[in-house]
1. If I ask for residues that are surrounded by fewer than 17 Cβ atoms within 10 Å (Cβ to Cβ), in contact with a Leu (Cβ under 6 Å, 6 or more places away or on another chain) and not aromatic (Phe, Trp, Tyr), which ones from the range 180-231 would you list?
2. Any chance the range 143-157 includes a residue that's modelled with pLDDT under 85 and either of a type in the set (S, T, N, Q) or over 20 Å from the mean Cα position of the chain (by Cα) (or both)?
3. Within the group Leu85, Leu113, which residue is surrounded by 11 or more Cβ atoms within 10 Å (Cβ to Cβ) and modelled with pLDDT under 85?
4. In the range 144-177, how many are of a type outside the set (S, T, N, Q) and more than 18 Å from Gly34 (Cα to Cα)?
5. Which residue pairs have Cβ atoms closer than 7 Å, lie 6 or more positions apart in sequence or on different chains, and pair a first residue in the range 210-233 that is closer than 15 Å to Leu72 by Cα with a second residue that is charged (D, E, K, R) and assigned to a helix (DSSP H, G or I)?
6. Out of Thr250, Thr233, Thr237, which single residue is assigned to a loop (DSSP other than H, G, I, E, B) and assigned by TED's automatic domain parsing to the domain that holds Tyr300?
7. Please enumerate the residues belonging to the range 13-59 that are surrounded by 12 or more Cβ atoms within 10 Å (Cβ to Cβ) and polar (S, T, N, Q).
Amino acid sequence: MIIISILFFIQRFGTQSIGRLFGPIMTLWFLFLGVLGFMSLTQDWSMLAAINPYYAVKLLFSPANKVGILILGSIFLATTGAEALYSDMGHVGRPNIYGSWPFVNVCLVLNYLGQAVWIDQNRTNAAWQHASDLNPFFDMMPASIHLVGIILATLAAIIASQALISGSYTLVAEAIRLRFLPRLRIVYPSKFKGQLYIPSVNMLMWITCIAIVLYFRTSAHMEAAYGLAITVTMLMTTILLYQFLRLRQTPRLWAWVIFLFFASIETVFFIASAAKFMHGGYVTVLIAMVILIVMFIWLYGGILRDRNSFTNQRVSLLAYKKNAELAPH
């Protein structure tokens, strides 16, 4: 809560100066993930076979899978960094995404494989059989670098949070321009292109984040809420992509093929995540509904105001013409 409060407090000063540290820190973080996973993977190279999707499909239809398609909900969070690629592309440019993503992807895969090796080697270890706080990522680290791992993980979380906060300001500013939200005071705290700060939004997000932390208490408890939010975001993006393709006059067949390809995958994950609605997913829906209601009321109110304004102007014009006709020459 202290870290979150400090993060929201410094927004008013702009993040241009500390933003220069984001790239090096994140590079160090992903390099740390890759090296750590590779060290664990060297103890059992056969785990590389897990890259083959055959085993995932086999498990999905295996009699040992007692939850069916819902099992996908437990691994969906492994894909949730992908939606950041297109949202960040507008800020950092396509070449930077193309250049950095292969490095990030390799480091993440190595780390997941390394965790799998650790789990496989310790599955019969009595010390871990009934552990309530099992965390393969930290548990596979040598004890001597635990503090380093915690510091890097915290810094990475702060940087990721900063990207979401900055993105929220941009979304609100665009919604104001589109007349979906009331006019709010917008501050430009630095000379950095496109950087803005909205005090009222910052305060509202800070209060909401603190409330969510107090409610969920651990990140494990809010996986359902986060997963459901991401699946809905992906589905909405796919729908918008279809509309964009149609506006670009892409052949209807190709537009439908692209839409159905992505929507079918995302719908499966949505069904798996929706099953956890009562385990925290309802929080996401509640927040979204509040925002949606505010946007609808403001938009509809603006339409009524413009309509009444137009009607009043028309009545005034007719009255003026009538008075002009009756006035003596």
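1. Residues satisfying the conditions are Ile186, Ser200.
2. no
3. Checking each option against the conditions leaves just Leu85.
4. 15
5. Listed by first residue and then by second, the contacts come to Ile230/Glu83; Thr231/Glu266.
6. Checking each option against the conditions leaves just Thr250.
7. Hits for the range 13-59 are Thr15, Gln16, Thr27, Ser40, Gln43.
The values are calculated or read from the model by the stated rules, or taken from the named source; none is laboratory data. As the structure is a computational prediction, the values presented were derived from the model and not from experiment. So basically every Cβ, Gly included, is an ideal-geometry build from the backbone, and we count neighbours across all protein chains shown.
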